[in-house]
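Taking it in order: structure first as structure tokens, then the write-up.
What follows draws every value from the coordinates through simple rules; no lab data is involved. As the structure is a computational prediction, the values presented were derived from the model and not from experiment. Cβ sites come from the backbone with ideal geometry, for glycine too, and all protein chains shown count toward neighbours.
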Amino acid sequence: MVSLINNIYLSHKNFWSKSNLKLLFGSLLLFLFALVIQHFAYLYIDNHIEGVHVGDLLLDNLPVVNLDFFIVQGALVSTLLVLVFFLLNPNYLPFSLKALSLFILIRSFFISLTHLGVNLNQITLNTNSFGFDIYEFLYHGKNDFFFSGHVGASFLLALLFWKKKFWRNLFLIISVIFGISMILAHMHYSIDIFAAPFIVFSIYIVSKEIFKKDFNLIG
């Protein structure tokens, strides 16, 4: 444990030069801006939109399964895993924050456009479950359907961590679990799930072009 802590300390000490700290500062500013935009997008769709339920080929033919644990606690565990990764790999942080910021901004725009209502058979999340308040604060919007944040964010993280085989495979698996959970819980329309990887891959490619200097830090 002491050796691990020492290695983490040295990796951060050696990486955070003045130029890299400037990149991190810019990443944090963009990330905070994206979160502010997302906040207002959530307010708009939650308080001013009365969506209409529509039919869905998969949801109309699949049983409803309460997978509350995977949706709520799974999101929190994924968040902790991301923090661990960045603790171990500080060189990924500037680019990842900027790519995630672009993801949040684009998704905030998308969810504000088309106003769908919740599926009639959607499960109700257990508000008394462990960590629900944190989940509600960080992630939960009422009508944020297209595209799935759970699936999209985890797939983007898999792309960001692609050179780290264990982390890449882990977040690919997490993305699939989220997708299955959301559909079986009827909390997303199927198009929200299946479109997410294609949109996110485009976001990743654009991020590499826009934030080249940050991307080069990954090595």
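Here is how the numbers come out for the structure above:
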{"item": "Computed lengthening from Val54 to Asp133, 0.36 nm per intervening residue step minus Cα-Cα distance", "result": "25.5 nm"}
{"item": "Sorted by Cβ neighbour density within 10 Å, fewest at the top, the residues Tyr42, Tyr9", "result": "Tyr9, Tyr42"}
{"item": "J(HN,Hα) series, region 77-86, from Karplus relation 6.51 cos²θ - 1.76 cosθ + 1.60, nearest Hz, glycine and proline x", "result": "4, 4, 4, 5, 5, 4, 4, 4, 4, 5"}
{"item": "Under Karplus coefficients 6.51, -1.76 and 1.60, residue-wise ³J(HN,Hα) of region 117-131 in Hz, glycine/proline x", "result": "x, 5, 5, 4, 9, 4, 5, 9, 5, 6, 6, 9, 6, 4, x"}
{"item": "Taking all pairs of distinct alpha-carbon atoms in region 161-210, Kirkwood radius in angstrom", "result": "12.1"}
{"item": "Residue-averaged 222 nm ellipticity for the chain, from DSSP H runs of 4+ at -39500 (n - 2.57), nearest 500", "result": "-22500 deg cm²/dmol"}
{"item": "Neighbour net charge for Leu76 - beta-carbon separation under 15 angstrom, K R +1, D E -1", "result": "-3"}
{"item": "Kirkwood hydrodynamic radius (C-alpha pairs) into Stokes-Einstein, the chain, 25 °C and 0.890 mPa s, D in µm²/s", "result": "134"}
{"item": "Geometric extent, Cα atoms of region 118-219 - Rg, Dmax (angstrom)", "result": "15.4, 48"}
{"item": "Simple label model, 7 Å out from Cα along Cβ direction - Val36 to Lys18, nm", "result": "2.8"}
{"item": "Residues Phe15, Phe178, sorted so that the one with the fewest Cβ neighbours within 10 Å comes first", "result": "Phe15, Phe178"}
{"item": "Distance between modelled label sites at Val118 and Phe201, nm, 7 Å Cα→Cβ extension", "result": "3.3"}
{"item": "20 °C / 1.002 mPa s Stokes-Einstein diffusion coefficient of region 63-174, Kirkwood radius on C-alpha pairs, µm²/s", "result": "139"}
{"item": "Contour minus Cα-Cα distance for Ile8 and Glu209 (0.36 nm per residue)", "result": "69.4 nm"}
